[in-house]
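Every number in this text was worked out from the coordinates using simple rules, so none of it is lab data. All figures in this text were calculated on a predicted structure; none of them were measured in a lab. Cβ: placed from backbone, ideal geometry, glycine included. Neighbour counts: every protein chain shown.
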Amino acid sequence: MDFTNLKEIRKAKGLNQEELSRESGVGRITISRLESGALKESSVSTLMKIAKALDCNVEDITGSFDEHKI
């Protein structure tokens, strides 16, 4: 799975990885590894926590990202 949109969405929301980690309850290293492509899979629970913290859908993180929708 591709999580490259995660970094774009996080930056569009004005958050750094540490802030997203605090808001989502997901470890900063996990977020970093998802953004860099080092992790190719993640649990639905983790993705839902991140999406909730970013006020977006899981599909936004894993699919095509449109900055104008945020």
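Over all directions, average the projected area of the Cα convex hull of the chain and note it in nm².
3.8 nm²
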Problem set entry | Computed [θ] at 222 nm, helices only, for the chain once each DSSP H run of length n ≥ 4 contributes -39500 (n - 2.57) | -16500 deg cm²/dmol
Problem set entry | Most to least packed among 37-44, 26-33 [average Cβ atoms within 10 Å] | 26-33, 37-44
